[in-house]
Amino acid sequence: MRIQYSKCLLCTTLIALTAPVFAQQTAAPKPQDTEVWEPVPKIVTPGASNAAPPSDAIVLFDGKNLDEWVSDQDKSPAKWTVADGVLTVSKAPGVGNIETKRAFRNYQLHIEWKIPENITGTGQARGNSGVFLASTGPGDAGYELQVLDSYNNKTYVNGQAGSTYKEGIPLVNPNRKPGEWQTYDVVWTAPTFNDDGSVKTPAYATVFFNWVLVQNHFELKGQTLNMGHPFYKKYDTAPIKLQAHGDHSEPITFPISG
């Protein structure tokens, strides 16, 4: 009986000790418990229309000049053609790709492009170009969002318009026909690297093509390559690059704001 009495006393003591804790855990929550007041988000004034840039945008092309752009080969002034408010790719020998003077890390980009109405060629030889979301060197070094006439034009699906080239297949094909303006709205999250050059976090791209989602926070496996497997190479910030593809179809045009 003494043993039984001791057990009951122990139980009573434990209940008495834990009761205040239990009461504290069941206290009624308050709205203030989950309110966050700082830091206050910066105010950004939206554009007067959906086509106008917001107040914090850097306008990379204003329809007048290429002051924000250089050759990706030697950083000399960009030599593409500006006329009637649009930028036309130059496929002249020795001209090549152009890239922004500024370098970026994470950003949102709005870019418009148009395949000529009289486009010729098939597959990858029909209105081919590209938007390199991070240019890590001359030529095609970097991370490419493909531009192509993919309106009734068959090609490999990881190389059609809206693909992260040779990596991310578009979820759908919302291409408009040649002669009509197309739009990309991109959220680019750049990769980060450890001190030894290894990948800390990969690159991600979310892409709306003509306001239709085609890449949903897609994880890139590295730089986009025409041949071979993608790989990561350490960088900090990088320009945005536009491609002068070597196919013989008519050159495409761009207006840009980012």
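S198 meets all of the listed conditions (1) on the phi < 0 side of the Ramachandran plot; (2) under 18 Å from the mean Cα position of the chain (by Cα); (3) of a type outside the set (K, R) but one, namely (2). For the stretch 193-218, filtered to residues that are surrounded by 15 or more Cβ atoms within 10 Å (Cβ to Cβ) and aromatic (F, W, Y), the residue that is farthest from Q160 (Cα to Cα) is F193. Checking every residue in the stretch 205-221 against the condition of being free of Cβ contacts under 8 Å to residues at least 60 places away in the same chain, part of a loop (DSSP other than H, G, I, E, B) and within 15 Å of E112 (Cβ to Cβ) gives at least one match. Tell me, please, whether a residue that is on the phi < 0 side of the Ramachandran plot, modelled with pLDDT of 85 or more, of a type outside the set (A, V, I, L, M) and surrounded by 10 or more Cβ atoms within 10 Å (Cβ to Cβ) can be found in the stretch 29-42. No. Being within 23 Å of Y107 (Cβ to Cβ), touching a Gly at 6+ places or on another chain (Cβ under 6 Å) and of a type in the set (S, T, Y) is a description that does not apply to T206. Is it the case, given these coordinates, that K241 is open to solvent by 50 Å² or more (accessible area, probe 1.4 Å) and either touching a residue at least 12 places away in the same chain (Cβ under 8 Å) or on the phi < 0 side of the Ramachandran plot (or both)? In short, no. Just a yes or no: is a residue in the stretch 127-149 outside any strand (DSSP E or B), open to solvent by 60 Å² or more (accessible area, probe 1.4 Å), on the phi < 0 side of the Ramachandran plot and not acidic (D, E)? Yes - at least one qualifying residue is present in the stretch 127-149. Scanning the stretch 233-258 for residues that are under 29 Å from P46 (Cα atoms) and modelled with pLDDT under 95 returns F254, P255, I256, S257, G258.
Determine, yes or no, whether V44 is in contact (Cβ under 8 Å) with a residue 12 or more places away in the chain and in a loop (DSSP other than H, G, I, E, B). Considered against the rule, which asks whether it is in contact (Cβ under 8 Å) with a residue 12 or more places away in the chain and in a loop (DSSP other than H, G, I, E, B), V44 comes out as yes. When the residues of the stretch 222-238 are filtered to those that are small (G, A, S) and either assigned to a strand (DSSP E or B) or open to solvent by less than 20 Å² (accessible area, probe 1.4 Å) (or both), the one that is farthest from N65 (Cα to Cα) is G222. Those strands (runs of 3 or more DSSP E) of the stretch 81-126 in which at least 1 residues are among the aliphatic types (A, V, I, L, M), open to solvent by 40 Å² or more (accessible area, probe 1.4 Å) and at pLDDT 95 or above, considering only elements entirely within it, cover 81-83.
Residue count for the stretch 91-110 satisfying the condition of being over 16 Å from S135 (Cα atoms) and of a type in the set (V, I, T): 1.
The values are calculated or read from the model by the stated rules, or taken from the named source; none is laboratory data. All values derive from a computational prediction rather than experimental measurement. A quick note on method: Cβ atoms are made from the backbone with ideal geometry, for glycine too, and the neighbour counts reach across all protein chains shown. What goes into the accessible areas is simple: the full protein's heavy atoms, side chains included, and nothing from ligands, DNA or RNA. Shrake-Rupley method; radii C 1.70, N 1.55, O 1.52, S 1.80 Å.
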